[in-house]
């Protein structure tokens, strides 16, 4: 888990980490979940996770899931 002020390189560090261990990284941005285009953020998050899990089942490869601005996701649930 990376914690820190905005623009300190948390996302970049996660991308580098995923690259170094040769894993696909799914970057889920809370900002996108709470946009005007999304009617139900919780349902959208469920759909995203379902698709990631389905992909993992098909490829049999592990991955990194990066939840950006997770505090927005947690407080909405």
Which entry is the computed Cα extents along the principal axes in Å for this structure: [x] 47, 32, 16; [y] 34, 34, 18; [z] 55, 33, 19?
[y]
Could you work out the relative contact order of the chain? I mean the mean sequence separation of Cα pairs under 8 Å and 6+ apart, divided by the number of residues, in percent.
41
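Values quoted throughout were computed directly from the atomic coordinates according to the rules given, and no laboratory measurement underlies them. A quick note: this is a predicted structure, and the numbers were derived from the prediction, not measured.
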